[in-house]
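Every number here is computed from the coordinates shown, using simple stated rules; none is lab data. Here the structure is a predicted model, which means the values were calculated and not measured. Cβ sites come from the backbone with ideal geometry, for glycine too, and all protein chains shown count toward neighbours.
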Amino acid sequence: MRKPAWLKSPLHVGEHFKDVTTTLQQLRLHTVGQEAACPNLGECWGRGTATFMILGDVCTRVCRFCNVSTGHPSAPDEEEPHRVAEAVKALSLKYCVITSVTRDDLSDGGAANFAFTVKAIRSACNNTSIEVLIPDFDGNVNSLQKIIDAGPDVISHNVETVARLTPEVRDRRTDYDRSLFVLEQIKESNPVLTTKSGFMVGLGEIEEEILGTMQDLRNVGCDIITIGQYLQPSKECVPVIEYVHPDTFDEYRKFGEAIGFQSVASGPLVRSSYLADHYFKEVG
């Protein structure tokens, strides 16, 4: 399918873009924008922002929408949290997002590494707001509590798609209801903590399913939601079924606001971490 005009993203390669590139290379760090072929990479780096991907660049799950490599990852790098903190400080970031590949090979799914990274950033950059975009940790409440206790400003976990398409789009070890449980557990543990989730459209879902997913997320107390167009990153990934018109995204935004989300990012090029600082400020 040919991409419509509204999916064309301008290339931003300014001074900050070069700064981010150099810093990441020097500190041997990964970003989700690089690994997932994000269409907003140039814009985000050009603004001096980045979403750091910890725990390596090899995932233990095989989601059919994702461009990240899968296989058997190496042991976690104990110095990585400090290098991430060093990068945040060097780039003078006021808001940073920390995410990871899924690490089913680790007893806690890598939760301790998330916690160490949050604490390292807090120690180096006390004024930086921190968002963590976490995997489901197989629903392990102890792992989730490690993340909560670390004290990030936002905890995000994506449902990725509607319930019906979850088995086709996500790894067989994922579960739509478990993702809702993760978000609900976070909110129950700390009601004032901001929670966030997101999903893609254009995979064959219908409007009723989209609105139902939004209501499901609101029912578990989710504060911020992101809705974006799925773009097939490689021939091996599931194909695009539909390119959703911007006007439809605007209708989803209005519905999300009407049912009580504090912030709704809905648009063709919206991604989980796109303008994350802006949408967090809307909650605040």
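Numbers below:
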item: Straight-distance crosslink candidates among lysines, where the alpha carbon sits under 22 Å from Lys235 and sequence neighbours closer than 8 are dropped; result: Lys3, Lys8
item: The chain - convex hull of the alpha-carbon atoms, volume per residue in Å³; result: 118 Å³
item: Helix-only CD estimate at 222 nm, as mean residue ellipticity for the chain, using -39500 (n - 2.57) per DSSP H run (n ≥ 4); result: -11500 deg cm²/dmol
item: Positive-end extreme of charge dipole, segment 7-283 - chosen from Val244, Phe52, Phe65 (charges on Cβ); result: Phe52
item: Segment 206-284 - charge dipole about Cα centre, Lys and Arg +1 at Cβ, Asp and Glu -1, debye rounded to 20; result: 260 debye
item: Proximal lysines to Lys196, defined as alpha-carbon separation beneath 16 angstrom and excluding residues fewer than eight positions away on the same chain; result: Lys187, Lys281
item: Residue order, fewest to most surrounding Cβ atoms within 10 angstrom, among Cys237, Cys63; result: Cys237, Cys63
item: Cα lying deepest toward the dipole's positive end in the chain, options Ser272, Ile225, His157, charges on Cβ; result: Ser272
item: Net lengthening on full extension, Lys89/Ile259 (0.36 nm per residue, minus Cα-Cα); result: 57.4 nm
item: Most to least packed among 93-101, 162-170, 262-270, 193-201 [average Cβ atoms within 10 Å]; result: 193-201, 93-101, 262-270, 162-170
item: Size of charge dipole - the chain - debye, nearest 20, with Cβ of Lys, Arg +1 and Asp, Glu -1, no other charges; result: 600 debye
